[in-house]
Amino acid sequence: MKKIMLIGLLLLVLGCSGMNTKAVDQKTLQTLKNKTLALIIHESPNFMAMTFDKSMFNDAHVDAAYADGNRLIQEKGIHDPADKICKMMAEVFSEKYGLLYNRSSMIKSKSKKMKDLVHLANVKDYLLDVETVYWFFLNKEHKRPDYYISYIAKLNLIDVDKSTSIGRSTCEYDTVSAGKNPVSYEKLMENDAAYIKQSLDDAANFCINKFTNELTFKE
(Lines give C-alpha, C1' and ligand atoms only; values in the text may rest on other atoms or scores of the structure.)
Protein backbone atom coordinates (compact mmCIF):
# COMPACT_ATOMS: atom_id res chain seq x y z
CA MET A 1 0.00 0.00 0.00
CA LYS A 2 2.74 2.48 0.90
CA LYS A 3 4.50 1.60 -2.34
CA ILE A 4 1.35 2.52 -4.28
CA MET A 5 1.08 5.77 -2.32
CA LEU A 6 4.69 6.59 -3.07
CA ILE A 7 4.20 5.97 -6.78
CA GLY A 8 1.25 8.34 -6.56
CA LEU A 9 3.52 10.90 -4.92
CA LEU A 10 6.04 10.67 -7.73
CA LEU A 11 3.26 11.11 -10.29
CA LEU A 12 2.14 14.16 -8.35
CA VAL A 13 5.64 15.57 -8.51
CA LEU A 14 5.78 15.03 -12.25
CA GLY A 15 2.34 16.51 -12.85
CA CYS A 16 2.33 19.26 -10.27
CA SER A 17 3.07 22.09 -12.70
CA GLY A 18 -0.17 21.32 -14.53
CA MET A 19 -2.42 21.85 -11.50
CA ASN A 20 -5.05 24.55 -11.62
CA THR A 21 -3.84 28.11 -11.06
CA LYS A 22 -6.19 31.00 -10.40
CA ALA A 23 -4.81 34.53 -10.57
CA VAL A 24 -6.45 37.15 -8.37
CA ASP A 25 -8.77 39.27 -10.48
CA GLN A 26 -7.43 42.78 -11.07
CA LYS A 27 -10.67 44.36 -9.80
CA THR A 28 -10.34 42.39 -6.59
CA LEU A 29 -6.70 43.40 -6.19
CA GLN A 30 -7.71 47.03 -6.28
CA THR A 31 -10.14 46.54 -3.36
CA LEU A 32 -7.59 45.01 -0.96
CA LYS A 33 -6.24 48.25 0.51
CA ASN A 34 -6.63 48.40 4.31
CA LYS A 35 -8.31 45.00 4.41
CA THR A 36 -6.95 42.58 7.02
CA LEU A 37 -5.10 39.34 6.32
CA ALA A 38 -4.59 36.23 8.47
CA LEU A 39 -1.54 34.03 7.83
CA ILE A 40 -2.03 30.27 8.07
CA ILE A 41 0.43 27.42 7.60
CA HIS A 42 0.08 23.71 8.36
CA GLU A 43 1.81 20.95 10.24
CA SER A 44 4.87 19.94 8.24
CA PRO A 45 4.46 16.65 6.36
CA ASN A 46 6.95 13.84 6.80
CA PHE A 47 10.32 14.58 5.26
CA MET A 48 11.36 11.61 3.14
CA ALA A 49 15.08 10.76 3.13
CA MET A 50 15.10 8.15 0.39
CA THR A 51 18.68 6.90 0.37
CA PHE A 52 20.13 4.46 -2.15
CA ASP A 53 19.66 1.49 0.16
CA LYS A 54 15.92 2.24 0.51
CA SER A 55 15.16 2.85 -3.15
CA MET A 56 13.20 -0.38 -3.65
CA PHE A 57 10.15 1.51 -2.27
CA ASN A 58 8.68 -1.34 -0.26
CA ASP A 59 6.71 -0.52 2.88
CA ALA A 60 9.62 -1.05 5.26
CA HIS A 61 11.90 1.17 3.19
CA VAL A 62 9.30 3.95 2.97
CA ASP A 63 8.74 3.83 6.73
CA ALA A 64 12.49 3.98 7.30
CA ALA A 65 12.85 6.89 4.86
CA TYR A 66 10.20 8.87 6.74
CA ALA A 67 11.74 8.04 10.11
CA ASP A 68 15.23 9.03 8.95
CA GLY A 69 13.93 12.20 7.32
CA ASN A 70 11.96 13.36 10.34
CA ARG A 71 14.91 12.67 12.61
CA LEU A 72 17.17 14.59 10.23
CA ILE A 73 15.09 17.77 10.19
CA GLN A 74 14.87 17.69 13.99
CA GLU A 75 18.56 17.07 14.61
CA LYS A 76 19.84 19.50 11.97
CA GLY A 77 17.27 22.24 12.53
CA ILE A 78 15.93 22.12 8.97
CA HIS A 79 12.94 24.46 8.60
CA ASP A 80 9.81 24.01 6.54
CA PRO A 81 9.91 26.65 3.73
CA ALA A 82 6.15 27.30 4.09
CA ASP A 83 6.85 29.75 6.91
CA LYS A 84 9.05 31.97 4.73
CA ILE A 85 6.77 31.66 1.72
CA CYS A 86 3.73 32.73 3.73
CA LYS A 87 5.46 35.72 5.32
CA MET A 88 7.01 36.93 2.07
CA MET A 89 3.79 36.55 0.08
CA ALA A 90 1.93 38.50 2.76
CA GLU A 91 4.56 41.21 2.32
CA VAL A 92 3.96 41.17 -1.45
CA PHE A 93 0.22 41.69 -1.03
CA SER A 94 0.83 44.33 1.63
CA GLU A 95 3.33 46.36 -0.37
CA LYS A 96 1.52 46.11 -3.70
CA TYR A 97 -2.11 46.27 -2.65
CA GLY A 98 -2.24 47.54 0.94
CA LEU A 99 -3.39 44.42 2.79
CA LEU A 100 -2.78 44.71 6.54
CA TYR A 101 -1.32 41.86 8.56
CA ASN A 102 0.51 41.18 11.81
CA ARG A 103 4.08 40.21 10.92
CA SER A 104 4.59 38.36 14.18
CA SER A 105 1.35 36.36 14.08
CA MET A 106 1.07 33.14 12.12
CA ILE A 107 -1.52 30.45 12.75
CA LYS A 108 -0.66 26.76 12.38
CA SER A 109 -3.66 24.67 11.35
CA LYS A 110 -4.10 20.91 11.64
CA SER A 111 -7.10 21.06 9.35
CA LYS A 112 -7.26 21.71 5.60
CA LYS A 113 -11.04 22.21 5.50
CA MET A 114 -12.24 25.60 4.33
CA LYS A 115 -14.68 26.03 7.23
CA ASP A 116 -11.92 25.39 9.78
CA LEU A 117 -9.48 27.76 8.09
CA VAL A 118 -12.11 30.49 7.94
CA HIS A 119 -12.84 29.96 11.63
CA LEU A 120 -9.15 30.32 12.48
CA ALA A 121 -8.98 33.57 10.50
CA ASN A 122 -11.44 35.01 13.04
CA VAL A 123 -12.48 38.55 12.05
CA LYS A 124 -9.91 39.04 9.27
CA ASP A 125 -11.11 39.88 5.75
CA TYR A 126 -8.78 37.47 3.96
CA LEU A 127 -6.54 34.57 4.80
CA LEU A 128 -3.33 33.43 3.15
CA ASP A 129 -3.03 29.67 3.39
CA VAL A 130 0.36 28.14 2.51
CA GLU A 131 1.06 24.43 2.77
CA THR A 132 4.09 22.27 2.14
CA VAL A 133 2.71 19.33 0.16
CA TYR A 134 5.91 17.31 0.07
CA TRP A 135 9.65 17.65 0.66
CA PHE A 136 12.29 15.01 0.24
CA PHE A 137 15.63 13.98 -1.14
CA LEU A 138 15.83 11.06 -3.51
CA ASN A 139 18.43 8.97 -5.24
CA LYS A 140 18.39 10.10 -8.88
CA GLU A 141 17.12 7.35 -11.19
CA HIS A 142 17.78 4.83 -8.39
CA LYS A 143 21.02 3.77 -10.07
CA ARG A 144 23.81 5.64 -8.31
CA PRO A 145 24.18 7.15 -4.85
CA ASP A 146 23.63 10.68 -6.17
CA TYR A 147 20.83 12.76 -4.73
CA TYR A 148 18.54 15.64 -5.54
CA ILE A 149 16.14 17.60 -3.34
CA SER A 150 12.53 18.29 -4.24
CA TYR A 151 9.92 20.58 -2.71
CA ILE A 152 6.23 21.14 -3.47
CA ALA A 153 4.00 23.83 -1.96
CA LYS A 154 0.58 25.30 -2.59
CA LEU A 155 -0.90 28.69 -1.79
CA ASN A 156 -4.51 29.76 -1.43
CA LEU A 157 -5.79 33.32 -0.89
CA ILE A 158 -9.27 33.12 0.60
CA ASP A 159 -12.08 35.63 1.04
CA VAL A 160 -13.11 34.89 4.63
CA ASP A 161 -16.62 36.33 4.43
CA LYS A 162 -17.48 34.31 1.30
CA SER A 163 -15.38 31.24 2.21
CA THR A 164 -14.11 31.32 -1.35
CA SER A 165 -10.68 31.07 -2.93
CA ILE A 166 -9.82 34.20 -4.91
CA GLY A 167 -6.32 33.09 -5.91
CA ARG A 168 -4.38 29.85 -5.80
CA SER A 169 -1.29 28.22 -7.22
CA THR A 170 1.14 25.35 -6.72
CA CYS A 171 4.89 25.32 -7.13
CA GLU A 172 7.37 22.52 -7.62
CA TYR A 173 11.12 22.90 -7.20
CA ASP A 174 13.93 20.41 -7.49
CA THR A 175 17.66 20.95 -7.54
CA VAL A 176 18.26 19.15 -10.84
CA SER A 177 15.65 21.20 -12.73
CA ALA A 178 17.24 24.27 -11.16
CA GLY A 179 20.51 23.36 -12.90
CA LYS A 180 22.37 21.73 -10.04
CA ASN A 181 24.09 18.39 -10.41
CA PRO A 182 23.08 15.54 -8.11
CA VAL A 183 25.28 15.34 -5.02
CA SER A 184 26.59 12.62 -2.77
CA TYR A 185 25.01 11.67 0.54
CA GLU A 186 28.11 13.04 2.26
CA LYS A 187 27.50 16.41 0.58
CA LEU A 188 23.90 16.40 1.80
CA MET A 189 24.99 15.81 5.39
CA GLU A 190 28.11 17.97 5.73
CA ASN A 191 28.08 21.17 7.81
CA ASP A 192 24.80 20.28 9.54
CA ALA A 193 23.04 19.56 6.26
CA ALA A 194 23.88 23.01 4.87
CA TYR A 195 23.20 21.87 1.29
CA ILE A 196 19.67 20.74 2.19
CA LYS A 197 18.98 23.97 4.06
CA GLN A 198 20.22 26.13 1.19
CA SER A 199 18.28 24.08 -1.36
CA LEU A 200 15.05 24.47 0.60
CA ASP A 201 15.68 28.21 0.91
CA ASP A 202 16.18 28.31 -2.86
CA ALA A 203 12.90 26.43 -3.19
CA ALA A 204 11.14 29.01 -1.02
CA ASN A 205 12.48 31.87 -3.15
CA PHE A 206 11.45 30.05 -6.33
CA CYS A 207 7.91 29.58 -5.02
CA ILE A 208 7.66 33.19 -3.87
CA ASN A 209 8.61 34.43 -7.33
CA LYS A 210 6.24 31.99 -9.04
CA PHE A 211 3.31 32.82 -6.78
CA THR A 212 3.91 36.55 -7.15
CA ASN A 213 3.96 36.35 -10.94
CA GLU A 214 0.94 34.05 -11.19
CA LEU A 215 -1.33 35.53 -8.55
CA THR A 216 -0.85 39.29 -8.78
CA PHE A 217 -1.24 39.66 -12.53
CA LYS A 218 -4.27 38.33 -14.33
CA GLU A 219 -3.32 36.00 -17.14
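The values are calculated or read from the model by the stated rules, or taken from the named source; none is laboratory data. Here the structure is a predicted model, which means the values were calculated and not measured. Every residue, glycine as well, gets a Cβ built from its backbone with ideal geometry; the counts of neighbours run over all protein chains shown. Only protein heavy atoms, including side chains, enter the accessible area calculation; ligands, DNA and RNA are left aside. Shrake-Rupley method; radii C 1.70, N 1.55, O 1.52, S 1.80 Å.
Brief remarks on what is shown
- Charges were assigned to the Cβ only: +1 to each Lys and Arg, -1 to each Asp and Glu. The resulting dipole of segment 78-199 about its Cα centre is roughly 200 debye.
- When peptides 31-41, 124-134, 98-108, 76-86 are ranked by their average number of other Cβ atoms within 10 Å per residue, the highest-first order is 124-134, 76-86, 31-41, 98-108.
- Accessible area per residue for segment 176-217, computed on protein heavy atoms with a 1.4 Å probe, is 50 Å².
- Asn181/Phe52 FRET efficiency (R0 22 Å; Cβ-Cβ; nearest 0.05): 0.85
- Estimated inter-spin distance, Ala60 and Arg103, nm [label 7 Å along Cα→Cβ]: 5.2
- With 24 Å as the limit on Cα-Cα distance, the pairs of Lys162/Lys210; Lys35/Lys197; Lys22/Lys197; Lys76/Lys187 that go past it are Lys162/Lys210; Lys35/Lys197; Lys22/Lys197.
- Stretchable slack from Lys110 to Lys76, in nm (0.36 nm times residue separation minus alpha-carbon distance): 9.8 nm
- Accessible-area composition of segment 23-111, carbon plus sulfur, in percent [1.4 Å probe]: 50
- Measuring r between the beta carbons of Lys22 and Thr212 and using R0 = 22 Å, the FRET efficiency lands at 0.90.
- Linear extension gain, Thr36 paired with Asp201, 0.36 nm per residue minus alpha-carbon span: 56.7 nm
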